[in-house]
Structures are given as structure tokens and as C-alpha cells.
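Please read the structure below before turning to the comments.
The values are calculated or read from the model by the stated rules, or taken from the named source; none is laboratory data. Remember, it's a predicted structure, so these values are computed and weren't measured experimentally. All Cβ positions, even for glycine, are placed from backbone atoms using ideal geometry, and neighbour counts span all protein chains on display.
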Amino acid sequence: MGAARARWGVAAAALAVMAGAAMAGSFALGAQAAEVKSIAVLTPEQGTDYGWNQQGVDAAKAVAEKYGLKFMPAEGLGYGDVRPTLRELSEEGASLMIAHASGYNTAAPEIAAETKTPVAIVDRPDAMKPGLVADYTLYAHEGAYLAGEMAALMTRTGTVGIVVSGEPPSWNAQSAGFAQGVKATNPKVKIVYAVIGPAAYSDAAGGRRVTESVISAGADVILGQGNGSSFGMIEAVETTKATDGGDVWFIDVIGDKSSIDKGHLLSSVMWNMVPVYSAMVEDLKAGTFGTKRYRIQLADDSVKLLKTKHIPADVWKTVMATRDKIVDGSVKVDLVTDAEGVRKMMSSVAAK
């Protein structure tokens, strides 16, 4: 009798585990697959910076129109606590909340767990959770490599600069890609690297001050990564001569500032986030949200260089030939995302 009871206990336990697993699988599928009716995007600055904030807002709006979704923008939120805004958007029916700033990547997963509203964050792939939290840390190192090659071909002084508003993984990847492009083109070119501050994304005054110092160190081509601080970088480029007495060129990232260019915008490493946000919507519908990484790349033009009238035809032809080699795999661009790794690639590093 005792043996029979033991066998029954084991069998019952096994059935319970199987039933529990089936229920868990069913719940997971139900939690992930969703009807998407609206898309919200949260940005620290207004979507008028021709860069990170504007590209995020514009891409979310374009995806909303593409899928017939309600568009719910929340701009100019700053870099503080966005939990109240996330809760409000969830209560208003947001099907997906895109927390478009690295400073939001702690609060957003917390509110997602609280409200069960899916969120997308940056710089926190460790926080991904199926059906609830997806990370879209994007790396445009391939495009930055081309920008580095262009800078090495265009410099007169033999020195180029990189000015960044912080050292998040996305910025680090571009800085490293740029350095690789410079050195592959001309290893004699010096690279001056400077950081405005640990999170000086909107510090235009700091952007101008640090960029002026990099120009004083000999740079006549500047790669600037900054959000709002990039406007200060551009002011420095427009008002400061290179050490050889000539003009300084500026290479921007993410957006297109051609409409406000006063003759110093050489190019930009352009990002297109529409394919990324579209993939998020598709993943929500398919029940795969939060289970995969998203990428941008030269192969599908989600990363590309801005062509301006300031780029000589022979330089553009050379850079585009390199683009084709990166796409076909004959030129490799290493992905470096940590600040220490980036700094080791530079000729000199300015203090914060």
C-alpha cells in the first residue's frame, strides 16, 4: 500500500509539473502576443534637434502611420524620473512605450512590470524580458568607419577629433568605428578624443568649450556625438579656425542638419530607426517581443553617410567603395562598446 501511494505521489507530481508547464507556456504566449493599437515615445529633449530625439520621434510617428496606430509622443521630459509619465501613457492605452534615452532604462522596466505595458529601452540588454521589455541599443560603427576614412582623407593638419556628450555603448561603438576608419586610411593621422561629461547630452555650452579645445589641439575635422550639445559643437566649428588657419569640418551623427548648415557640415552618420520600431510592432503581434536584438547596418541603408556638396567627388567615390567592401564582408569593422576600449584606440584623451 505504501509503495502504491509513493508511485501515485510521483505520478501526481509529474502530472502537476506537466500541467504547470503547459499553463506557463500558454500564459507566456498570451502575455507576449498582442493587438497593437498605439505607440508612445518618450524623449528627454524636444524632437527638433535633427538628431537622437527627432529621429526617435519621427520614426515612431512614421511607424504609427504605417500600421494605423495612435501616436502618443511625450517630448522634452528631461533626464529625471519618468515613472509618472510612463504610468500615464499606460493608463491612456499605450500598446508600446519607447523609452528613448539611456536614463530611462531603469524606470521603464519597473513600470512595465507594474502595468504590464511593453516597453523598449536602450543600453540595457540585460533587462530584456519576453513579452515585456526589449532593448534596442543600436550600433552604427560601420557608418562611423566610413566617416573616419573620410576624415583621414580630408584633414590638412593631420589631426582629427572626436567630441562626445557621454560614453554610452552606442557612442562608444561609433567612436571606435571612426578610429578604425582613420587608422586604416592613414595610420599617421592623430585622433584627439574628448568627453564633455558623463551625461552631458544637452550641454551646448560644454559642447562648444570642449570642441574649441580639440580644435586648438590641432583637429580640423570633428566627429561630434551629442544630442543638444552638438549645437555647441557646431558653433565652435563655425567660429574657430584650425591651427593651419583654415576652416574646420564637422561630421554629425544620427540626423541631418543640412538645413541649418553654414558651410561646415561635411557629413553625418545617419540612422534610420523606422525598420527597428517596425520590427518591434511585428514582434509584439507575433509574440516574440523582448526575445531578440535589433540592429542598424549599411547593408539595408538603416545606416548611411550623408552626402553633402562639401565632399569632393573622389573622396566620396573612395568611401562608397569601402562601404561596398564592408557590406560584402571583405572589410571588417570591430564592435567596441566599452569606454576603456575606445580610449585605448585614441592618440590622446582630453580630461572631462
(message) So Lys317 passes all but one of these: (1) touching a residue at least 40 places away in the same chain (Cβ under 8 Å); (2) part of a helix (DSSP H, G or I). Which condition number does it fail?
(response) (1)
(message) Please go through (1) at pLDDT below 95; (2) touching a Gly at 6+ places or on another chain (Cβ under 7 Å) for Met18 and return the number of the only condition it doesn't satisfy.
(response) (2)
(request) Could you identify the single residue in Thr106, Thr43 that is closer than 24 Å to Gly255 by Cβ and not small (Gly, Ala, Ser)? (result) Thr43
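Which of the residues spanning the stretch 49-84 are among the aromatic types (Phe, Trp, Tyr) and assigned to a helix (DSSP H, G or I)?
Of everything in the stretch 49-84, those that are among the aromatic types (Phe, Trp, Tyr) and assigned to a helix (DSSP H, G or I) turn out to be Trp52, Tyr67.
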(request) Give the residues of the stretch 139-187 that are closer than 25 Å to Lys309 by Cβ, of a type in the set (D, E, K, R) and under 19 Å from the mean Cα position of the chain (by Cα), sorted by residue number. (result) Glu142
(request) State all residues of the stretch 296-319 that are in contact with a strand residue (DSSP E or B) (Cβ under 9 Å, 6 or more places away or on another chain) and of a type in the set (Lys, Arg); if no residue qualifies, say none. (result) Lys304, Lys307
(request) Taking the residues in the stretch 204-230 that are touching a residue at least 60 places away in the same chain (Cβ under 8 Å) and surrounded by fewer than 23 Cβ atoms within 10 Å (Cβ to Cβ) as candidates, determine which candidate is nearest to Ala173 (Cα to Cα). (result) Gly228
(request) Mind telling me which of the residues Ile111, Ile121, Ile162 ends up being without any contact (Cβ under 8 Å) to a residue 24 or more places away in the chain and aliphatic (A, V, I, L, M)? (result) Ile121
(request) Run down Gly76, Gly25, Gly9, Gly80 and say which single residue is surrounded by 11 or more Cβ atoms within 10 Å (Cβ to Cβ) and either modelled with pLDDT under 95 or within 24 Å of Glu167 (Cα to Cα) (or both). (result) Gly76
(request) Return only the number of the condition from (1) assigned to a loop (DSSP other than H, G, I, E, B); (2) in the same structural domain as Ala147 (by TED's automatic domain parsing); (3) closer than 30 Å to Ile39 by Cα that Thr291 does not satisfy. (result) (2)
